[in-house]
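Visitor: To start, I am sharing the structure in question, which I have written as structure tokens.
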Amino acid sequence: MTSILENENRKLYVAEIDGVPVGTVRVDSEKYGYELSWTVSPMMRGSGIGKEMVSQLAKGISEPVRAEIKSGNIASIRIAEGAGLIFEREEEGVLYYHRDAIHQPIIP
Ligand SMILES: CC(C)(COP(=O)(O)OP(=O)(O)OC[C@H]1O[C@@H](n2cnc3c(N)ncnc32)[C@H](O)[C@@H]1OP(=O)(O)O)[C@@H](O)C(=O)NCCC(=O)NCCS
């Protein structure tokens, strides 16, 4: 935790329900954009928290995002797809997902 907080290229977002922490999304700043990884508290899994917190966070990022998911991690695949990431390739049991930059229309 200390190393995460000391790393200025890394941010850790904590999702809370009624002030109780239920999950985290780690956002690493990379050359291409941001790499996301996530976890939900074991007691709170299976109720949509992962999908909701990652989607909400990804909506706030306009730069490209990527995620690495272990093959077979169906819930994380659904979470990545729910956040608009698309499957890129599989290598040695790791699935690579990405989403290109989002260009917001400029309203005159
Ligand atoms: C992976 C993880 C974040 C999922 O969080 P969660 O809050 O339980 O996921 P959600 O409830 O939002 O479910 C997301 C989707 O996966 C499905 N799902 C959830 N658990 C599942 C399971 N065990 N098997 C198959 N599908 C599952 C849900 O039905 C949902 O599908 P939908 O798209 O139809 O709505 C959680 O299990 C976890 O923290 N695992 C350990 C860490 C990890 O694997 N992190 C990923 C590294 S990138």
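Visitor: Using Cα-Cα distances under 8 Å and only pairs 6 or more residues apart, what relative contact order does the chain have, in percent? Kindly include the intermediate steps, with their values, before the conclusion.
Guide: On the way: 173 pairs, mean separation 20.3, N = 108.
Result for the chain is 19 percent.
Visitor: List the aspartates and glutamates whose alpha-carbon lies under 19 Å from that of K59, not counting same-chain residues fewer than 8 positions away?
Guide: Once the sequence-local aspartates and glutamates are set aside, what remains near K59 is E16, D28, E30, E35, E68, E81, D100.
Visitor: On to the next question. Restricting to the stretch 1-77, what percent of DSSP beta bridges are antiparallel, rounded to 5? All intermediate terms of the calculation are to be shown ahead of the outcome.
Guide: Values: 15 of 17 bridges.
Bridges in the stretch 1-77 are about 90 percent antiparallel.
Visitor: Between E8 and I61, what is the spin-label point distance in nm, taking each point 7 Å from the Cα along the Cα→C-beta axis?
Guide: Taking the two extended label points, one gets 2.0 nm.
Visitor: Same structure, new question: Mind jotting down a quarter of the surface of the convex hull over the alpha carbons of the chain, in square nanometres, one decimal? Walk me through the numbers on the way to the answer.
Guide: Values: hull surface 34.9 nm².
Across all orientations, the chain yields a mean hull projection of 8.7 nm².
Visitor: A further question on this structure: Report, in debye and to the nearest 20, how large the dipole of the chain comes out about its Cα centre when Lys and Arg carry +1 and Asp and Glu carry -1 on their Cβ.
Guide: Computed charge dipole of the chain: roughly 220 debye.
Visitor: I'd like to know which of I17, I102, Y34 lies farthest towards the positive end of the charge dipole of the chain, counting +1 on Cβ of Lys and Arg and -1 on Cβ of Asp and Glu.
Guide: Ranked along the dipole, the leading option is I17.
Visitor: Length gain on complete extension for the stretch R78 to E52, per 0.36 nm per residue less the alpha carbon to alpha carbon distance? If you can, show how the numbers build up before the last one.
Guide: Working: separation 26, 0.36 × 26 = 9.36 nm, distance 1.10 nm.
Full extension from R78 to E52 adds 8.3 nm.
Visitor: Calculated FRET efficiency, T24 and I107, Cβ-Cβ r, R0 35 Å, to nearest 0.05?
Guide: E between T24 and I107, to the nearest 0.05, is 0.55.
Read the figures in this text as sums done on the coordinates, not as results from a lab. Since the structure is predicted, the reported quantities are computational estimates derived from the model, not experimental observations. All Cβ positions, even for glycine, are placed from backbone atoms using ideal geometry, and neighbour counts span all protein chains on display.
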